[in-house]
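A.B. asks: My questions all concern the structure below.
The values are calculated or read from the model by the stated rules, or taken from the named source; none is laboratory data. The structure displayed is predicted, hence computed values, not measured ones. Positions of Cβ are generated from backbone atoms using ideal geometry, with glycine treated the same way; all protein chains shown enter the neighbour counts.
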Amino acid sequence: MSDSTEPKPNATESTPQPTAQHVLDVDDLSDDELAAVLSTAAEFKQAHHANEPHAVLPNRTLGMLFEKPSTRTRLSFETGMTQLGGHAVFLGPDATHLDHGEPIPDTARVLSRYVDAVMARVFDHGALETMAANATVPVVNGLSDDAHPCQTLADLFTIYEEFGGFDDVTAAWVGDGNNVAQSFAVGCAMAGIDLTMATPEGYEPDDDVLARAADRGTAPAVVNDPEEAVADADVVYTDVWVSMGQEDEREAKLGDFAGFQVNDDLLAGAPDAAVMHCLPAHRGEEISHDALESERAIVWEQAENRMHTQKALLAHLLGAV
Ligand code: CP
Ligand code: NVA
């Protein structure tokens, strides 16, 4: 989106004041809302697997804006809307006038006249904030450079399923402290999961994220030693070293992240840990082939759970459950 810095126009002159609840990061949900979304996700998952109808959003439409590629986010939202009896419209890069000069505030106001909710995947988190400030329907972050709350909902749900709750679960993050890690840190705080994060120096989560985590529970411990982070953890979670949009930094990052691969050697320090990854995975970089293909990897369940948790989120945001 070319003009994320476009000032918010005076919305009172031309449009109703926005009233929708937006989810730009996971702490836009209260603790009760998070619990409700996870509970509804469990109901939807059970219904989906039993082939029972649960079309609670008939005739509703989700607009999906993507500045970056996606496999899971697009498919899970799109199939999820179908299962809920609604429809999703995919708007890929270059599909709208956003990439040809139409300002974000105008786009947000027009989309709000057609669709019931917007999901957007963007580079600049500020573009989402501008969209949310001007939309009168819920705006959901489908990944920005700073946050990935929909991933965190699936991650928490997957941990809950694996351990039967969050009490006494200790998690380790190994790798880049950017978008997926940052939302996971806040989500763990909200859920009461004890998290230690190991990143190379200079790749730690932002201070404001740690402050927000502290605000909602306990801030994670942040270290620069993967072995320290994974020691006796129940969950070891990693993400790619080169995020979308960072392709030019590839060589530097491969050097910076040497020693941060999740592999059998590292996992020897957490013999019972489940291995998580948001995917896509780059075998031989952030995770070894063996670690990803091992029985302890719960990454495919994590991917499936994107659909169930996002369906639940949309149903709650649209007042259908
Ligand atoms: N984990 C995740 O968001 O995957 P996609 O990039 O395929 O959507
Ligand atoms: N950190 C990764 C997550 C992909 C789902 C990226 O931003 O590309």
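A.B. asks: Here are some residues: Leu143, Leu128, Leu156. Which one is within 17 Å of Leu34 (Cβ to Cβ), hydrophobic (A, V, I, L, M, F, W, C), surrounded by 24 or more Cβ atoms within 10 Å (Cβ to Cβ) and within 16 Å of the chain's Cα centre (by Cα)? Break it down stepwise before answering.
C.D. replies: Numbers: Leu143 fails: within 17 Å of Leu34 (Cβ to Cβ); Leu128 fails: within 17 Å of Leu34 (Cβ to Cβ).
Residue meeting the stated conditions: Leu156.
A.B. asks: So, one more: Let me spell it out: the conditions are (1) under 30 Å from His22 (Cα atoms); (2) out of contact with any helix residue (DSSP H, G or I) (no Cβ under 7 Å at 6 or more places or on another chain); (3) not in a helix (DSSP H, G or I), and Asp215 meets all of them except one. Which number is the exception?
C.D. replies: Unmet condition: (3).
A.B. asks: Right, something else. Select from the range 175-192 the residues that are more than 16 Å from ligand 1 (Cβ to nearest atom) and under 17 Å from the mean Cα position of the chain (by Cα) and list them in ascending order.
C.D. replies: Our first condition is that a residue be more than 16 Å from ligand 1 (Cβ to nearest atom); within the range 175-192, this holds for 177, 185-186, 188-192.
Answer for the range 175-192, where residues must be more than 16 Å from ligand 1 (Cβ to nearest atom) and under 17 Å from the mean Cα position of the chain (by Cα): Gly177, Ala185, Val186, Cys188, Ala189, Met190, Ala191.
A.B. asks: Residue by residue through the range 230-258, note down the ones that are surrounded by fewer than 14 Cβ atoms within 10 Å (Cβ to Cβ) and more than 21 Å from Pro220 (Cα to Cα).
C.D. replies: Hits for the range 230-258 are Gly245, Glu247, Asp248, Glu249, Arg250, Glu251, Ala252, Leu254, Gly255, Ala258.
A.B. asks: Now a separate question. Being crowded, with 20+ Cβ neighbours inside 10 Å and among the small types (Gly, Ala, Ser) is the requirement here; does Ala214 meet it?
C.D. replies: Working: crowded, with 20+ Cβ neighbours inside 10 Å: no; among the small types (Gly, Ala, Ser): yes.
No.
A.B. asks: Residues Ala154, Ala120: which one is under 21 Å from His97 (Cβ atoms) and within 16 Å of ligand 1 (Cβ to nearest atom)? Working first, answer last.
C.D. replies: On the way: Ala154 fails: under 21 Å from His97 (Cβ atoms).
On inspection, the qualifying residue turns out to be Ala120.
A.B. asks: For the range 36-51, how many residues are in contact with a helix residue (DSSP H, G or I) (Cβ under 8 Å, 6 or more places away or on another chain) and under 16 Å from Thr79 (Cβ atoms)?
C.D. replies: Qualifying residue count, the range 36-51: 4.
A.B. asks: Given the structure, is Gly177 of a type outside the set (D, E, K, R), in a loop (DSSP other than H, G, I, E, B), modelled with pLDDT of 95 or more and at positive phi? First the steps, then the outcome.
C.D. replies: Numbers: of a type outside the set (D, E, K, R): yes; in a loop (DSSP other than H, G, I, E, B): yes; modelled with pLDDT of 95 or more: yes; at positive phi: no.
Spelling it out, it is not the case that Gly177 is of a type outside the set (D, E, K, R), in a loop (DSSP other than H, G, I, E, B), modelled with pLDDT of 95 or more and at positive phi.
A.B. asks: Which condition number does Met1 fail, the rest of (1) buried (at least 21 other Cβ atoms within 10 Å of the Cβ); (2) hydrophobic (A, V, I, L, M, F, W, C); (3) modelled with pLDDT of 95 or more being met?
C.D. replies: For Met1, the failing item is (3).
A.B. asks: Related question: Give Thr82, Thr40, Thr107 a once-over and let me know the one that is in a helix (DSSP H, G or I), out of contact with any Gly (no Cβ under 8 Å at 6 or more places or on another chain), of a type in the set (S, T, N, Q) and closer than 25 Å to Val180 by Cβ. I'd like the intermediate steps shown before the answer.
C.D. replies: Working: Thr82 fails: closer than 25 Å to Val180 by Cβ; Thr107 fails: closer than 25 Å to Val180 by Cβ.
Going through Thr82, Thr40, Thr107 in turn, just one is in a helix (DSSP H, G or I), out of contact with any Gly (no Cβ under 8 Å at 6 or more places or on another chain), of a type in the set (S, T, N, Q) and closer than 25 Å to Val180 by Cβ: Thr40.
A.B. asks: Of everything in the range 230-260 that's under 24 Å from the mean Cα position of the chain (by Cα) and away from ligand 2 (no atom under 16 Å from the Cβ), which residue is nearest to Asp176 (Cα to Cα)? Walk me through it before giving the result.
C.D. replies: Within the range 230-260, the subset under 24 Å from the mean Cα position of the chain (by Cα) is 230, 233-250, 253-254, 257, 260.
Now narrow it down to the ones that are away from ligand 2 (no atom under 16 Å from the Cβ): 230, 233-236.
Working: Val230: 15, Ala233: 18, Asp234: 20, Val235: 16, Val236: 13 Å.
Among residues in the range 230-260 that are under 24 Å from the mean Cα position of the chain (by Cα) and away from ligand 2 (no atom under 16 Å from the Cβ), the one nearest to Asp176 (Cα to Cα) is Val236.
A.B. asks: Applying the selection to the range 123-145, what residues are within 10 Å of ligand 2 (Cβ to nearest atom) and of a type in the set (Asp, Glu)?
C.D. replies: First, pick out the residues of the range 123-145 that are within 10 Å of ligand 2 (Cβ to nearest atom): 123, 142-145.
Within the range 123-145, just Asp145 meets the criteria.
A.B. asks: Select, from Val89, Val26, Val56, Val37, the only residue that is more than 17 Å from Val139 (Cβ to Cβ) and either in contact with a Leu (Cβ under 8 Å, 6 or more places away or on another chain) or within 16 Å of ligand 2 (Cβ to nearest atom) (or both). Spell out the reasoning first.
C.D. replies: Values: Val89 fails: more than 17 Å from Val139 (Cβ to Cβ); Val26 fails: more than 17 Å from Val139 (Cβ to Cβ); Val37 fails: more than 17 Å from Val139 (Cβ to Cβ).
It is Val56.
A.B. asks: What do you reckon, is Glu286 within 16 Å of ligand 2 (Cβ to nearest atom), at pLDDT 95 or above and either among the polar types (S, T, N, Q) or closer than 20 Å to Ala185 by Cβ (or both)? Explain how you work it out, then say what you get.
C.D. replies: Numbers: within 16 Å of ligand 2 (Cβ to nearest atom): yes; at pLDDT 95 or above: yes; either among the polar types (S, T, N, Q) or closer than 20 Å to Ala185 by Cβ (or both): yes.
Against the criterion (within 16 Å of ligand 2 (Cβ to nearest atom), at pLDDT 95 or above and either among the polar types (S, T, N, Q) or closer than 20 Å to Ala185 by Cβ (or both)), Glu286 qualifies.
A.B. asks: Residues of the range 148-174 being within 16 Å of ligand 2 (Cβ to nearest atom) and assigned to a strand (DSSP E or B), which ones?
C.D. replies: Trp173, Val174
A.B. asks: Which residues, taken from the range 72-101, are more than 16 Å from ligand 1 (Cβ to nearest atom), under 16 Å from Val115 (Cβ atoms) and of a type outside the set (A, V, I, L, M, F, W, C)? Give the derivation first.
C.D. replies: Quick first cut of the range 72-101, residues more than 16 Å from ligand 1 (Cβ to nearest atom) only: 82-87, 89, 94-101.
Pick out the ones that are also under 16 Å from Val115 (Cβ atoms) and you get 82, 84-87, 89, 95-98.
Across the range 72-101, the qualifying residues are Thr82, Gly85, Gly86, His87, Thr96, His97.
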